[in-house]
1. Between (i) 1.67; (ii) 0.99; (iii) 1.04, which entry matches Rg/Rh (Cα atoms, Kirkwood Rh) as derived from the coordinates of this structure?
2. Would you kindly derive the ³J(HN,Hα) couplings of segment 55-67 from the backbone phi angles with the Karplus curve 6.51 cos²θ - 1.76 cosθ + 1.60 (θ = phi - 60°), listing them in order in whole Hz, with x for Gly and Pro?
3. Which distance in Å, rounded to a whole number, links the C-alpha centroids of segment 46-88 and segment 1-40?
4. With the chain treated as a Gaussian network of Cα nodes joined by springs under 10 Å, which of GLU111, GLU19, GLU50 yields the largest mean-square fluctuation?
5. How large, in percent, is the carbon and sulfur part of the accessible surface of the chain at a probe radius of 1.4 Å?
6. Report, by chain and number, residues whose modeled amide H sits under 5 Å from the one on GLY48, excluding near sequence neighbours (fewer than 5 apart, same chain).
7. Compute the length gained on full extension between LYS46 and SER6: take 0.36 nm times their separation in residues and subtract their Cα-Cα distance, giving the result in nm to one decimal.
8. At R0 = 22 Å, how high is the FRET efficiency between ASP87 and GLU56 if r is their beta carbon distance? Nearest 0.05 is fine.
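The values are calculated or read from the model by the stated rules, or taken from the named source; none is laboratory data. Not measured: the values here are computed from a predicted model. Counting neighbours? That spans all protein chains shown, and the Cβs are built from the backbone with ideal geometry, glycine included. Side chains included, ligands, DNA and RNA excluded: accessible areas come from the protein's heavy atoms. Shrake-Rupley method; radii C 1.70, N 1.55, O 1.52, S 1.80 Å.
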Amino acid sequence: CEDLQSAVNSAGKGLEKAEKEKKRVEAVTTGKGALILKSIEAFIKKHGKEGHAVGEKLTIADLYLFSFMTMAVSGFFDGIPKDLLKDYPSIQAVRKTVATHPSVVERYKAEKSANPVFKVFAAVGASL
C-alpha cells in the first residue's frame, strides 16, 4: 500500500490541478499504481480466503488494506476515481469483510467525531 501511495503522490507532482489529476488517473489505471493494485489483488487471491487478505481470519493485513484502500477512493487523493477498485474483487471483498465486522461497525457507530474521515469509513459496508 505504501508503494501505491508513493505512486499516486508522485504522479503529477508540481503540476496544475487538472494535469495532476490526469496523471494520477493514468498512474492508477495504466501505470505503476495499476501494477501495484494488480499485485495486491493477485496476492489476496493466492493467500486469502473468504474476504481476508491472508488466511481466513481477520488480521492486521485486512485492517490496513481496508484503511488505505478506503482512504484512496474517498476523495482524499485528487484525481483518484471513486470507482477505482471496481475491477479488484478480492480487494473489495477484504474491504467489505472489515467494514461489516461487528467490532468495526460498533466502533464507527460509537464515533461522535465531526471528522468526515470517520463517516467515509463507516459508510463502506453499505456501499459494497
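1. Among (i) 1.67; (ii) 0.99; (iii) 1.04, the one derived from this structure is (ii).
2. Couplings: x, 10, 10, 4, 10, 4, 4, 5, 5, 5, 4, 4, 4 Hz.
3. 16
4. In the Gaussian network model the winner is GLU111.
5. Working: 4350 of 7550 Å².
On the chain, the fraction of accessible area on carbon and sulfur atoms equals 58 percent.
6. Correct list: GLY55.
7. 11.9 nm
8. Values: r = 24 Å, r/R0 = 1.09.
Calculated transfer efficiency: 0.40.
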